[in-house]
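*Asks:* Have a look at the structure that comes next, please.
The values are calculated or read from the model by the stated rules, or taken from the named source; none is laboratory data. It should be emphasised that the depicted structure is a prediction, and the values quoted were computed from it without experimental measurement. Quick reminder, even Gly has a Cβ in these numbers, built from the backbone with ideal geometry, and neighbours come from all protein chains shown. All accessible areas refer to the heavy atoms of the entire protein, side chains included, with ligands and DNA or RNA removed. Shrake-Rupley method; radii C 1.70, N 1.55, O 1.52, S 1.80 Å.
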Amino acid sequence: MKKLVLFAVCMLAIVSCNENASKSEAVTNPQIDSLNQVIAQKDNEINDMLSTFSEIEDGFRQISEAQNRVAVAQQGEGANKKQRIRENIQFIQSTMKQNKELINKLKQQLRESNVKSDALRKLVENMSKQLEENEQQMQQLRAQLDDKEIHIMELDEQVANLNTDVKELTTENNQRAETISQQDKQIHSAWFVFGTKDELKEQQILVDGKVLQSSFNKEYFTKIDIRVDKEIKLYSSSAKILTSHPSSAYTLQRDANKQFVLRITDPQLFWSTSKYLVVLVK
């Protein structure tokens, strides 16, 4: 599917550029500028969707690899066999959740985009079906494991002294899984806000020309997952980033309504300097 994604998106970009280029020959300079903005916006939208397609494909690949590890662990032996299975199951569930969020993001992008393509919509539908198949496989796998867990518990009942150990191990594993989940969310979390100078001053975000130097109102920020949320619409024709972020990790361009949109092209690099983003708008 990955090659099909690349082919469809590249063909779409080529056709879009050729059609617009042929039309631009007969229009005046102001119209050419306006047309170039539309073309640039479509290119950005296509690049964003292509990046998301690649992430989803990589997620499906990782899910398949984890499923294989579970199958191997089921046939194996050893004291940590159950733990290896649990860790891989947890990884599969987390990756499936991320893929689901990315697919929903793609659907929203297609709804709001100026790029109209039945091929792209078909690809998104196929990815949704693949995710449903993964979910069905996960249900079947959990049912198999539940059967084995019941068998293990029946054997454990024959040795009364092991009951307490099993309960303690279950509690410990649940606590560990919860800790890992919370750490994962924290690692991939970031916060952003955009507002006028008066609004930022009111929340102590901007004080005497300095950003985030005082006890600012953290509740005023919006929390995001940096793996999923890579586009922030600023709903303003004037925008200035006040926090420090590498310029090579983002673009700040106008949409068809001449309002700025921040697109994060390299999330790891962009958020490496600060997990807080502040944008001044008018």
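*Asks:* At 1.4 Å probe size, what's the solvent-accessible area of GLU202? Round to the nearest 10 Å².
*Replies:* 140
*Asks:* While we're looking at this one, here's another question. For GLN253 and GLN75, calculate 0.36 nm times their separation in residues minus their Cα-Cα distance, and state this gained length in nm to one decimal. Walk me through the intermediate numbers first.
*Replies:* Numbers: separation 178, 0.36 × 178 = 64.08 nm, distance 5.37 nm.
Full extension from GLN253 to GLN75 adds 58.7 nm.
*Asks:* Find, among the trypsin sites (Lys or Arg not before Pro) in region 72-141, those assigned to loop by DSSP (not H, G, I, E, B) with at most 16 other beta-carbon atoms within 10 angstrom. It would help to have the intermediate numbers written out before the result.
*Replies:* Values: sites: LYS81, LYS82, ARG84, ARG86, LYS97, LYS100, LYS105, LYS107, ARG111, LYS116, ARG121, LYS122, LYS129; in loops: LYS116.
Here the sparse-neighbourhood loop sites are LYS116.
*Asks:* I would also like to ask the following. Which pairs, out of LYS100/LYS129; LYS82/LYS129; LYS197/LYS233; LYS97/LYS240; LYS107/LYS218, put more than 22 Å between their alpha-carbon atoms?
*Replies:* Details: LYS100/LYS129 11 Å; LYS82/LYS129 30 Å; LYS197/LYS233 18 Å; LYS97/LYS240 33 Å; LYS107/LYS218 31 Å.
From the list (LYS100/LYS129; LYS82/LYS129; LYS197/LYS233; LYS97/LYS240; LYS107/LYS218), the Cα-Cα distance tops 22 Å for LYS82/LYS129; LYS97/LYS240; LYS107/LYS218.
*Asks:* OK, next. When the accessible area of region 46-145 is computed with all protein chains present and a 1.4 Å probe, what percentage of it is carbon and sulfur? Could you put the intermediate results ahead of the total?
*Replies:* On the way: 2420 of 5420 Å².
The computed percentage sits at 45.
*Asks:* Still on this structure, I have one more. Report the local net charge at TRP191: Lys and Arg +1, Asp and Glu -1, summed over other residues whose C-beta lies under 9 Å from its C-beta. Intermediate results must be reported in sequence, preceding the final value.
*Replies:* Details: positive: LYS218, LYS223, LYS275; negative: none.
Within the 9 Å Cβ shell, the charges total +3.
*Asks:* Taking region 193-282, which chymotrypsin sites (Phe, Trp or Tyr not before Pro) meet the DSSP loop condition and have no more than 15 other C-beta atoms within 10 Å? Mind dumping the intermediate values first?
*Replies:* Numbers: sites: PHE194, PHE216, TYR220, PHE221, TYR235, TYR250, PHE260, PHE270, TRP271, TYR276; in loops: PHE216, PHE221, TYR235, TRP271.
Qualifying residues, ordered by number: TYR235.
*Asks:* Let me ask something else about it. Any chance you could run the full-extension gain for ASP118 through LYS223? It's 0.36 nm times the residue separation minus the Cα-Cα distance, nm to one decimal.
*Replies:* Result for the pair: 34.5 nm of gain on full extension.
*Asks:* Heads up, I need the accessible area for MET49: 1.4 angstrom probe, whole protein in place, Å², nearest 10.
*Replies:* About 10 Å², rounded to the nearest 10.
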